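The values are calculated or read from the model by the stated rules, or taken from the named source; none is laboratory data. What you see is a predicted model; the values in this text were computed from it and never measured. In this analysis, Cβ positions are derived from the backbone assuming ideal geometry, glycine residues included, and neighbour counts consider all displayed protein chains. For accessibility, only protein heavy atoms count, side chains too; no ligands or nucleic acids. Shrake-Rupley method; radii C 1.70, N 1.55, O 1.52, S 1.80 Å.
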Amino acid sequence: MTPDPARSAQEMLAVVAASPAAVAAHDKQRWLDLFAPDHILEDPVGSRPVLGGVYDRRSGERGNGPLSRFWDAFIAANDIVFDVRADFRRGHHIVRDATITTTMASGATVSTPLHILYEMTPFEPSLSGPASAGATGADGGWRIRRMAAHWEPAAVVAGLARPCVANVTGGIGMGARMLRHLGATGTARFAAAAFSVGPRGKDAVRQLVSRSARGDEVAVRLLGGIVPTDLTKVIAAGDTVTATCTVDGAPAVLIARLNRKSHSVVGAAVYHDRLVS
């Protein structure tokens, strides 16, 4: 039987939507179950990736120990609300244009604009470990193979830098949890996400889009034949720049990958097939 693309898209979207729902409910196991055994989590892009399916010295097995510790460090103690502007699909990829609001135990609140890329994969129960045992079949058997959250840590740190008791207490608490669950090395590698392609990378992407609008064949080819306009919410994370944009008058999201030495765009994808849940 030929797969129904529309049904598959909705099944993938159901898994994506289940992630913030599990976070809001503080349901750690349900959140872990959404990921494939060999998952990759980049949150934010530019930080050390969280890998599943590789040997984890702390747990002594090939499981989701690092993903579990990520939850404990960044999610468990916080209330996190997602405001999703739109979802877009391209093949087995779904991109969310969203803003998250994080309220810490101290009462400190941070609002973070971001684009999240979910690379989905069909779920194979025979390859699943204990972390997937509780998953249901309601989502069509899809799992998250890679999640890449594009946001700028410097803006979050700046928000917490405003002098007040809630911010100071929240920042200290977050640092303590990171050290406890990630260790000094893991914390340092997370902090490295503050260094990205930055303003130069953003300018390179804007120039690429401008060239494509003028009919530059190289620029248009690099963008996959799609010419985006009206770039807003431009985010530099690691070696990527993302932006909310417009394609033929409709909303879309651009994700561009850059060479970190030359700050030139080496790959790009425009997500404009909008999904409605």
Taking placed amide H atoms and a strict 5 Å upper bound, the residues 5 or more places from SER264 or on another chain that come that close are ASN259
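Rounded if a/c is under 1.5, else prolate if a/b beats b/c, else oblate: with a ≥ b ≥ c from the C-alpha gyration tensor eigenvalues square-rooted, which is the stretch 69-109?
Values: a/c = 5.85, a/b = 1.89, b/c = 3.11.
Cα axes put the stretch 69-109 in the oblate bin.
List the chymotrypsin sites (Phe, Trp or Tyr not before Pro) in the stretch 36-114 that DSSP assigns to loop (not H, G, I, E or B) and whose Cβ has at most 16 other Cβ atoms within 10 Å. Which are they? Before the final figure, lay out the partial values.
Details: sites: TYR55, PHE70, TRP71, PHE74, PHE82, PHE88; in loops: TYR55.
Here the sparse-neighbourhood loop sites are TYR55.
Which whole DSSP H helices in the chain pass both tests: a Cα extent of 18 Å or more along the axis and a mean Kyte-Doolittle value no lower than 1.6?
Details: long enough: 5-24 (29 Å, 0.82); 165-191 (28 Å, 0.42); 198-213 (23 Å, -0.79).
Long hydrophobic helices here: none detected.
Once fully extended, how much extra length lies between ARG189 and ALA155, figured as 0.36 nm per residue of separation less the alpha-carbon to alpha-carbon distance? Walk me through the numbers on the way to the answer.
On the way: separation 34, 0.36 × 34 = 12.24 nm, distance 1.78 nm.
Roughly 10.5 nm would be gained on extension.
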As straight-line cross-link partners of LYS261, the qualifying lysines (C-alpha separation under 26 Å, not fewer than 8 residues apart within one chain) are LYS202, LYS233
For the pair CYS164 and VAL81, the simple spin-label estimate (label points 7 Å beyond Cα toward Cβ) gives in nm 1.5 nm
Rounded to the nearest 10 Å², the 1.4 Å probe accessible area of SER111 is 80 Å²
Measuring from its Cα centre, the chain shows a charge dipole (+1 at each Lys and Arg Cβ, -1 at each Asp and Glu Cβ) which, in debye to the nearest 20, is 780 debye
Placing +1 on each Lys and Arg Cβ and -1 on each Asp and Glu Cβ in the stretch 1-120, then taking the dipole about the Cα centre, the residue among ILE100, GLN29, GLY46 whose Cα reaches farthest towards the positive end is GLY46
In order over the stretch 246-254: 3J(HN,Hα) from phi, Karplus 6.51/-1.76/1.60, θ = phi - 60°, whole Hz, x for each Gly or Pro, gives 10, 10, 6, x, 10, x, 7, 9, 9
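On a full-extension model of 0.36 nm per residue, what is the gain between ALA24 and ALA6, subtracting their alpha-carbon distance, rounded to one decimal in nm?
Taking 0.36 nm per residue and subtracting the Cα distance, the gain is 3.7 nm.
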Restricting to Cα pairs under 8 Å and 6 or more apart, the percent relative contact order of the chain works out to 20 percent
Distance in nm between ARG180 and ASP38 label points, each 7 Å along Cα→Cβ, equals 3.5 nm
So for the chain, using the alpha carbon gyration tensor with a ≥ b ≥ c as root eigenvalues (a/c under 1.5 gives rounded; past that, a/b versus b/c decides prolate or oblate), I'd call it oblate
A student applying the Cα gyration tensor rule (rounded when a/c is under 1.5; otherwise prolate if a/b is larger than b/c, oblate if not) would label the stretch 134-271 prolate
With the charge dipole of the chain built from beta-carbon charges (+1 for Lys and Arg, -1 for Asp and Glu) about the Cα centre, the Cα from GLY65, PRO122, LEU208 projecting farthest to the positive end belongs to LEU208
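If you place +1 on the Cβ of every Lys and Arg, -1 on the Cβ of every Asp and Glu, and leave all else neutral, what size is the dipole of the stretch 12-103 about its Cα centre, to the nearest 20 Debye? If you can, show how the numbers build up before the last one.
Values: 11 positive and 12 negative charges, 38 e Å.
Here the size comes out at about 180 debye.
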